[in-house]
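Read through the structure below, which is laid out as structure tokens, and then see the notes.
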Amino acid sequence: MRAPSIDITHVPAPLRPLMLAMARGAAEMAGVIRRGDRRMAAEMGVNSNGDGQKRLDLDADALFRDALRHAGLRWYASEELCDPVAIQDDGDWALAIDPLDGSSNIDTNVSIGTIFAVYPAGTDANASFLRPARELICGGYVIYGPRCSMVVSFGDGTQIYALNPDTDCFDLTEARLSLPDTSFEFAINASNYRHWPRPVRAYIDDCLAGTDGPRDKNFNMRWIGSLVAEAHRILMRGGIFLYPADDRPGYARGRLRMLYECAPIAFLIEQAGGRATDGALPILDARVTALHGRTPLVFGSADKVNRVAAYHDLPEAEVSALFGNRGLFRA
Ligand code: AHG
Ligand code: MN
Ligand code: MN
């Protein structure tokens, strides 16, 4: 079999070495996951965010760092490392990565992924990353599902590539994805209901009330526990995802990290015609001041995401009302 690769027709020339390296890393990861050694899910310790690290979290980090050694990368920042690492002094790019997203699903044979974001590199490592997602040169993820796909944007639409098992090449399957709005699915970890801010509770209350409430339609709920899998479903058929801030200790800014989770996902979603906010304001304009900084995240079909923002603007009496009473939202 030839070395893993990717169809580079739509990849801007300066980014081709990097995308070829990502394709090699992703194909290798897909192989590791397919073989499914149970030790992949072994608990190994705790990362700088205080999250547990599994063996595959650490192996994925090492695998991508190695795959990216000669890809024009100046700085490499990872969920699994405290600080950015210098790769090539003359490299042009700063890449932030969640090497393995959805680690609670490693031992369940449910889709997991890799998320990455690329900025132009500056002389200062941290400053290269601590900028708004609107300045991304590339955002993408790999989903290791029944089919391994890579979803990427270079700022001119969102593309999908599927890993061909016969050639080990990521073939282009969608040149300009348009996020449909055909789904009435919402994704949220409902076990945190009592901890959510009032506007989020009100929004979900109204989805749950279905045809008996102000939305006057029935909804369906999904929660996979892998951001990449939720993002992929929403890119394929619409819907909405919410990981709000909540009042549990450590969740004042939600759970998800801006640099290598929220920023690239927001970039892909907006490039496909959807919308991504922190509940009210666009993720693409937000900034974090620390490499592993978090942000609440709401993304999906534009009208649904805009509606969540509208709940934040409701008068207190409206937002506190029991579901079914959101008078301002009734037609
Ligand atoms: P990671 O495996 O990189 O730590 O990310 C897990 C994230 C994300 O994929 C998912 O949406 C979320 O954590 C699940 O959080 P809960 O366990 O709170 O549902
Ligand atoms: Mn993650
Ligand atoms: Mn991770």
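The values are calculated or read from the model by the stated rules, or taken from the named source; none is laboratory data. What you see is a predicted model; the values in this text were computed from it and never measured. Positions of Cβ are backbone-derived with ideal geometry, glycine not excepted, and every protein chain shown enters the neighbour counts.
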Q. Residues that are buried (at least 17 other Cβ atoms within 10 Å of the Cβ): which strands (runs of 3 or more DSSP E) entirely in the range 206-279 hold 1 or more of them?
A. 240-243, 275-277
Q) Does D247 fit the bill of being away from ligand 3 (no atom under 16 Å from the Cβ) and modelled with pLDDT under 95? A) no
Q | R65 being buried (at least 17 other Cβ atoms within 10 Å of the Cβ), away from ligand 2 (no atom under 16 Å from the Cβ) and assigned to a helix (DSSP H, G or I) | A | yes
Q) Is the range 23-33 home to any residue that is surrounded by 13 or more Cβ atoms within 10 Å (Cβ to Cβ), of a type outside the set (A, V, I, L, M, F, W, C) and more than 25 Å from I160 (Cβ to Cβ)? A) no
Q: Quick one: in the range 91-116, of everything that is β-branched (V, I, T) and not in a strand (DSSP E or B), which residue is farthest from ligand 2 (Cβ to nearest atom)?
A: T108
Q. Looking at F267, F299, which one is within 16 Å of ligand 1 (Cβ to nearest atom), of a type in the set (F, W, Y) and in contact with a helix residue (DSSP H, G or I) (Cβ under 7 Å, 6 or more places away or on another chain)?
A. F299
Q.
So, in the range 6-22, exactly how many residues are in contact (Cβ under 8 Å) with a residue 40 or more places away in the chain and surrounded by 16 or more Cβ atoms within 10 Å (Cβ to Cβ)?
A. 11
Q. Within the range 88-145, how many residues turn out to be over 27 Å from L56 (Cα atoms) and within 16 Å of ligand 3 (Cβ to nearest atom)?
A. 0
Q.
Six or more apart or on different chains, Cβ atoms under 8 Å: show the pairs whose first residue is in the range 304-331 and surrounded by 12 or more Cβ atoms within 10 Å (Cβ to Cβ) and whose second is modelled with pLDDT under 75 and charged (D, E, K, R).
A. L314/R326; E318/R326
Q. In the range 175-215, what residues are in contact with a helix residue (DSSP H, G or I) (Cβ under 8 Å, 6 or more places away or on another chain) and farther than 24 Å from S226 by Cβ?
A. R198, P199, R201, A202, D206, G213, P214, R215
Q) Which residue, of M40, M22, M1, is farther than 15 Å from D101 by Cα and modelled with pLDDT under 95? A) M1
(Q) Could you go through the range 128-148 and let me know if any residue there is out of contact with any helix residue (DSSP H, G or I) (no Cβ under 6 Å at 6 or more places or on another chain), polar (S, T, N, Q) and more than 17 Å from L235 (Cβ to Cβ). (A) yes
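Conditions (1) assigned to a loop (DSSP other than H, G, I, E, B); (2) surrounded by fewer than 19 Cβ atoms within 10 Å (Cβ to Cβ); (3) without any contact (Cβ under 8 Å) to a residue 12 or more places away in the chain, marked per residue:
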{"residue": "G45", "(1), (2), (3)": "no, yes, yes"}
{"residue": "G50", "(1), (2), (3)": "yes, yes, no"}
{"residue": "Q53", "(1), (2), (3)": "no, no, no"}
{"residue": "A77", "(1), (2), (3)": "no, no, no"}
{"residue": "C82", "(1), (2), (3)": "yes, yes, no"}
{"residue": "D89", "(1), (2), (3)": "yes, yes, no"}
Q. Restricted to the range 117-139, and to residues that are of a type outside the set (F, W, Y) and part of a strand (DSSP E or B), which residue is farthest from G155 (Cα to Cα)?
A. P120
(Q) For a quick check of your reading of the model, give me the residue pairs whose first member lies in the range 212-225 and is acidic (D, E), whose second is surrounded by fewer than 17 Cβ atoms within 10 Å (Cβ to Cβ), with beta-carbon atoms closer than 8 Å and at least 6 apart or on different chains. (A) D212/G324; D216/A331
